[in-house]
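Below you'll find the structure, written out as structure tokens, and then a few comments.
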Amino acid sequence: MSVKERYELAKKQYEAWGVDVESAMKTVTNIPISIHCWQGDDVTGFETNDQELSGGIEVTGNYPGKATTPEELRQDIAKALSLIPGKHRLNLHAIYAETGEEKIDRHQLKPEHFKNWVAFAKEHGVGLDFNPTLFSHDKASDGLTLSHPDKEIRDFWIEHCIASRKIGAYFGEELGAPALTNIWIPDGYKDVPSDRLTPRIRLKESLDRIFAADISAEHNLDAVESKLFGIGSEAYVVGSHEFYMSYALKNNIMCLLDTGHYHPTEMVSNKISAMLPFNDILALHVSRPVRWDSDHVVAFDDELKEIALEIVRNDAVDRVKIGLDFFDASINRIAAWAIGTRNMMKALLFAALMPNNHLKKLQDEGNFTERLAIQEEFKTFPLGAIWDYYCEQENVPSGTDWLKNVQKYEEEVLSKRD
């Protein structure tokens, strides 16, 4: 049976419940995912100081074919984009600046150091997002940055974040859509601190100075990202969820929720509806934690589907900015991008194909029996048939055909890299 024939049968099954399948596919196509560049080179970047990863970040594995130059990384990203339906965005970190042979420290970075990324974005029709890089640097070697007791170190990182916001605004102006510039810091302590408040006051003061720089929201959107704990900050993180949620609300900026930055029993899907009544826009970094913030490739699991449901059924597709954040060097890196992003898109399609209005009505009526029965039945509805047809309509491989494409690319390109 052809993809089209399977689609037509599946479409009838969904339409029997009042689901508009074509509208659902259109909804998903209009949701851009911000795909992170750092999956392709294991968060190495292109600085000339050969800094090792720090800040509690671990990338495990040594799969061959890692990108080691800007040209290789952009080539790999282009390949991944060709396997993913929809029009998306690309998320950069400051360490992906291209400064040539000149050593330019992070607080001195300028838009011109990212002009090649802007050219790439224009060529491929994607937007750009940005992150200052407050790890893997001499001035972050003790795990403290914007909350550091040393004012000189705090000033350095404040200048870096201001420079990053200007770079984000450059992206937005050049590409006609605002960049999301997100600040995450590794600051915290391995063991129980003797003072939790003072570092948080220092962090607030640093953020106040960063956001005092007048940068147009037309071109740049600001976000702050929390974390619960990490390697080297197991006992205390300065920028906790409560800290950043409060700061974002008070200062009218975005709070970014990373799905790997919470206690294993906390579900980010549940936080979305709790925060939407008080926030115009939220941001997400979707990852897959395994026992800790291990940033595994996003899988089509229950939490991913719940996140997608919270976004779609609450008409929040324009209010939740979705980005990805995982890095796995134990498997083919292009495949990792494709698997994770396709799963995010598939979860959104799953959510758009649910009879959400009917299920809401059943809940309001107190008919929990029928609600549960329908929710369970839809778990085995023929989503795959709709997904394959959707991929073909978007001119990307359906089924596992994309994997053959990656394997061919590995043979012809990745295997020839040193």
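Is it the case that some residue within the stretch 299-310 is closer than 30 Å to TYR409 by Cα, surrounded by 19 or more Cβ atoms within 10 Å (Cβ to Cβ) and within 16 Å of the chain's Cα centre (by Cα)? Walk me through how you get there before you give the answer.
Taking the stretch 299-310 first, the residues closer than 30 Å to TYR409 by Cα are 299-301, 304.
Checking which are surrounded by 19 or more Cβ atoms within 10 Å (Cβ to Cβ) leaves us with 304.
If we keep only those that are within 16 Å of the chain's Cα centre (by Cα) as well, we get 304.
Yes, the stretch 299-310 contains at least one residue that is closer than 30 Å to TYR409 by Cα, surrounded by 19 or more Cβ atoms within 10 Å (Cβ to Cβ) and within 16 Å of the chain's Cα centre (by Cα).
Going by the structure shown, is ALA316 of a type in the set (Gly, Ala, Ser) and part of a helix (DSSP H, G or I)? Before you say what the answer is, go through the steps one by one.
On the way: of a type in the set (Gly, Ala, Ser): yes; part of a helix (DSSP H, G or I): no.
Judged against the criteria, ALA316 is not a match.
Output yes when any residue across the stretch 227-236 is in contact with a Leu (Cβ under 6 Å, 6 or more places away or on another chain) and not in a helix (DSSP H, G or I), and no when none is.
The initial filter retains those residues of the stretch 227-236 that are in contact with a Leu (Cβ under 6 Å, 6 or more places away or on another chain), namely none.
Within the stretch 227-236, none of the residues are in contact with a Leu (Cβ under 6 Å, 6 or more places away or on another chain) and not in a helix (DSSP H, G or I).
Could you list, in sequence order, all residues of the stretch 380-414 that are at negative phi, part of a loop (DSSP other than H, G, I, E, B) and loosely packed, with under 14 Cβ neighbours inside 10 Å?
Initial filter on the stretch 380-414 (at negative phi): 380-394, 396-398, 400-414.
Narrowing the set further to residues that are part of a loop (DSSP other than H, G, I, E, B) leaves 380-382, 394, 396-398, 400, 413.
THR380, THR400, listed by residue number.
Answer yes or no: is there a residue in the stretch 148-161 that is touching a residue at least 24 places away in the same chain (Cβ under 8 Å) and either of a type in the set (Ser, Thr, Tyr) or farther than 24 Å from VAL237 by Cβ (or both).
Applying the first criterion (touching a residue at least 24 places away in the same chain (Cβ under 8 Å)) to the stretch 148-161 yields 148-149, 154, 156-161.
Now narrow it down to the ones that are either of a type in the set (Ser, Thr, Tyr) or farther than 24 Å from VAL237 by Cβ (or both): none.
No.
Test each condition in (1) within 30 Å of ILE215 (Cα to Cα); (2) aliphatic (A, V, I, L, M); (3) touching a residue at least 12 places away in the same chain (Cβ under 8 Å) for ALA274 and report the one that comes out false.
Here ALA274 clears every test but (3).
Just to verify a result, which residue in the stretch 86-101, among those that are modelled with pLDDT of 95 or more and over 19 Å from the mean Cα position of the chain (by Cα), is surrounded by the fewest Cβ atoms within 10 Å (Cβ to Cβ)?
My answer is GLU98.
Quick one: which residue in LEU249, LEU256, LEU276 is of a type in the set (A, V, I, L, M, F, W, C) and either assigned to a strand (DSSP E or B) or modelled with pLDDT under 95 (or both)? Talk me through it step by step, then tell me what you get.
Working: LEU249 fails: either assigned to a strand (DSSP E or B) or modelled with pLDDT under 95 (or both); LEU276 fails: either assigned to a strand (DSSP E or B) or modelled with pLDDT under 95 (or both).
Testing whether each residue is of a type in the set (A, V, I, L, M, F, W, C) and either assigned to a strand (DSSP E or B) or modelled with pLDDT under 95 (or both) leaves just LEU256.
Residue check: is ALA352 crowded, with 17+ Cβ neighbours inside 10 Å, in contact with a helix residue (DSSP H, G or I) (Cβ under 9 Å, 6 or more places away or on another chain) and over 18 Å from LEU403 (Cβ atoms)? Reasoning before the result, please.
Working: crowded, with 17+ Cβ neighbours inside 10 Å: yes; in contact with a helix residue (DSSP H, G or I) (Cβ under 9 Å, 6 or more places away or on another chain): yes; over 18 Å from LEU403 (Cβ atoms): yes.
Yes; evaluated as a whole, the condition is true for this residue.
Does ALA235 satisfy the criteria of being farther than 27 Å from VAL286 by Cα and either crowded, with 22+ Cβ neighbours inside 10 Å or more than 18 Å from the chain's Cα centre (by Cα) (or both)?
no
Considering only residues of the stretch 53-85 that are among the acidic types (Asp, Glu) and modelled with pLDDT of 95 or more, which is surrounded by the most Cβ atoms within 10 Å (Cβ to Cβ)?
Within the stretch 53-85, the first condition is being among the acidic types (Asp, Glu), and the residues that meet it are 58, 71-72, 76.
Pick out the ones that are also modelled with pLDDT of 95 or more and you get 71-72, 76.
Numbers: GLU71: 12, GLU72: 17, ASP76: 23.
Step by step, filter the stretch 53-85, then rank; the result is ASP76.
Being crowded, with 16+ Cβ neighbours inside 10 Å and within 20 Å of ASP20 (Cβ to Cβ) is the filter; apply it to the stretch 356-373 and report the residue that is nearest to the chain's Cα centre (by Cα).
The first filter runs over the stretch 356-373 and keeps only residues crowded, with 16+ Cβ neighbours inside 10 Å, leaving 356, 359, 362, 371.
After this cut, where a residue has to be within 20 Å of ASP20 (Cβ to Cβ) as well, the list is 356, 359, 362.
Details: ASN356: 26, LEU359: 29, LEU362: 34 Å.
The selected residue is ASN356.
For the stretch 361-402, name all the residues that are in contact with a helix residue (DSSP H, G or I) (Cβ under 6 Å, 6 or more places away or on another chain) and of a type in the set (A, V, I, L, M, F, W, C).
Once the filter is applied, which keeps residues that are in contact with a helix residue (DSSP H, G or I) (Cβ under 6 Å, 6 or more places away or on another chain) and of a type in the set (A, V, I, L, M, F, W, C), the stretch 361-402 yields LEU362, LEU383, ALA385, ILE386, TRP387, TRP402.
Residues to consider are LYS139, LYS166, LYS190; find the one that is out of contact with any helix residue (DSSP H, G or I) (no Cβ under 9 Å at 6 or more places or on another chain), charged (D, E, K, R) and in contact (Cβ under 8 Å) with a residue 12 or more places away in the chain. Even if it seems obvious, please write down each step before you answer.
Details: LYS139 fails: out of contact with any helix residue (DSSP H, G or I) (no Cβ under 9 Å at 6 or more places or on another chain); LYS166 fails: out of contact with any helix residue (DSSP H, G or I) (no Cβ under 9 Å at 6 or more places or on another chain).
Among LYS139, LYS166, LYS190, only LYS190 is out of contact with any helix residue (DSSP H, G or I) (no Cβ under 9 Å at 6 or more places or on another chain), charged (D, E, K, R) and in contact (Cβ under 8 Å) with a residue 12 or more places away in the chain.
Which one of these is surrounded by 17 or more Cβ atoms within 10 Å (Cβ to Cβ) and within 14 Å of the chain's Cα centre (by Cα): LEU282, LEU228, LEU276, LEU207? Can you show your working first?
Working: LEU228 fails: within 14 Å of the chain's Cα centre (by Cα); LEU276 fails: within 14 Å of the chain's Cα centre (by Cα); LEU207 fails: within 14 Å of the chain's Cα centre (by Cα).
LEU282 is the lone residue from the list that is surrounded by 17 or more Cβ atoms within 10 Å (Cβ to Cβ) and within 14 Å of the chain's Cα centre (by Cα).
Can you name every residue in the stretch 115-134 that is part of a loop (DSSP other than H, G, I, E, B) and exposed (fewer than 15 other Cβ atoms within 10 Å of the Cβ)?
Once the filter is applied, which keeps residues that are part of a loop (DSSP other than H, G, I, E, B) and exposed (fewer than 15 other Cβ atoms within 10 Å of the Cβ), the stretch 115-134 yields only GLY125.
Sort out which residues of the stretch 193-225 are outside any helix (DSSP H, G or I), in contact (Cβ under 8 Å) with a residue 12 or more places away in the chain and within 17 Å of ASN252 (Cα to Cα), and write them in order of number. Spell out how you get there, then give the answer.
If we filter the stretch 193-225 for residues that are outside any helix (DSSP H, G or I), which is where we start, we get 193-196, 213-225.
Adding the requirement that they be in contact (Cβ under 8 Å) with a residue 12 or more places away in the chain leaves 193, 196, 213, 215-225.
Once the filter is applied, which keeps residues that are outside any helix (DSSP H, G or I), in contact (Cβ under 8 Å) with a residue 12 or more places away in the chain and within 17 Å of ASN252 (Cα to Cα), the stretch 193-225 yields ALA213, ILE215, SER216, ALA217, GLU218, HIS219, ASN220, LEU221, ASP222, ALA223, VAL224, GLU225.
For GLU112, all conditions in the list (1) in a helix (DSSP H, G or I); (2) buried (at least 21 other Cβ atoms within 10 Å of the Cβ) hold save one; what is the number of the exception?
(2)
Please work out which residue is surrounded by the fewest Cβ atoms within 10 Å (Cβ to Cβ), limiting yourself to the stretch 135-175 and to residues that are under 17 Å from ARG200 (Cα atoms) and touching an Asp or Glu at 6+ places or on another chain (Cβ under 8 Å).
For the stretch 135-175, the residue satisfying everything is GLY143.
Residue by residue, here is whether (1) more than 18 Å from GLY239 (Cβ to Cβ); (2) aromatic (Phe, Trp, Tyr) holds:
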residue	(1), (2)
PRO85	yes, no
TYR96	yes, yes
ASN116	yes, no
ILE167	yes, no
GLY176	yes, no
LEU180	no, no
PRO186	no, no
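The values are calculated or read from the model by the stated rules, or taken from the named source; none is laboratory data. Keep in mind the model is a prediction, meaning the values are calculated, not measured. Methodologically, a virtual Cβ is constructed for each residue, glycine included, from the backbone with ideal geometry; neighbour enumeration extends over all protein chains shown.
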